[in-house]
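Chemist: Provided herewith is a single structure, encoded as structure tokens, for subsequent inquiry.
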Amino acid sequence: MKWVIHQLAKYRENGMTLDEFVVLENVEKRNHDVRNISPVHVKGHCTFGAAQMTCHLQLSGTLILPCARTWEDVEYPFEIETVEVFNWSETALALASAQTNDNFHIVEGDVIHVDPVLEELVLLEIPMQVYKEGADQFKHEGGNGWSYTTDEDLNDLQEDDQPKLDPRLAELAKYFDQTDE
């Protein structure tokens, strides 16, 4: 989505209502964990000041992410509500340094590019790990040259594998049991 500032003048009185789907393909390029992203539904309302646009946005969509245990696809729906401010005044740089929030964006030129802002909002919503339903029951025995073992299985194996004494060294073990007399 992008808007030319001069064309937005017609919305100055009543504001601009948004209800459209946006394809954010750069999300997959910027975060390689994202396998796919559905078109993002953007709804909201933008109001205008002398050299500023304030947008109250609601974003919704679905990300396809890998399961942390099985590496299978997991659908992760997201809902984001935000207020974004776009400023194109001469004093925008001074305002930006005074602003402490990340929702303030300086517009350079005559076009407001909204897609990078939407991409950032979606990227911030991506969790560190997602799990597919039933992934806690996942049991994989292994593959070529590797195996999968849980901590519980490893403890059981270690208890079963008590060190056994080689019969040829039994006499040597008795030597260390003797005390000096």
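The numbers here are math on the coordinates, done by the rules we state, and not lab data. Just so you know, these numbers come straight off a predicted model, no measurement behind them. Don't worry about glycine lacking a Cβ; one is built from the backbone with ideal geometry, like all the others, and counts go over all protein chains shown.
Chemist: What's the ranking of 121-132, 2-13, 144-155 by average number of surrounding C-beta atoms within 10 Å, highest first?
Modeler: On the way: 121-132: 14.7, 2-13: 11.9, 144-155: 8.8.
Most protected by this proxy first, the peptides run 121-132, 2-13, 144-155.
Chemist: Can you give the FRET efficiency to the nearest 0.05 for residue 177 and residue 156, using r as the Cβ-Cβ distance and R₀ = 45 Å?
Modeler: On the way: r = 31 Å, r/R0 = 0.68.
Taking R0 as 45 Å, the efficiency between residue 177 and residue 156 is 0.90.
Chemist: A further question follows. Each residue of the range 59-69 in turn: what ³J(HN,Hα) in whole Hz from Karplus with 6.51, -1.76, 1.60 and θ = phi - 60°, glycine and Pro shown as x?
Modeler: 10, 9, x, 9, 9, 9, 10, x, 5, 5, 9
Chemist: Compute the length gained on full extension between residue 54 and residue 7: take 0.36 nm times their separation in residues and subtract their Cα-Cα distance, giving the result in nm to one decimal. Intermediate values should be presented prior to the final figure.
Modeler: Working: separation 47, 0.36 × 47 = 16.92 nm, distance 1.59 nm.
Extra length available between residue 54 and residue 7 comes to 15.3 nm.
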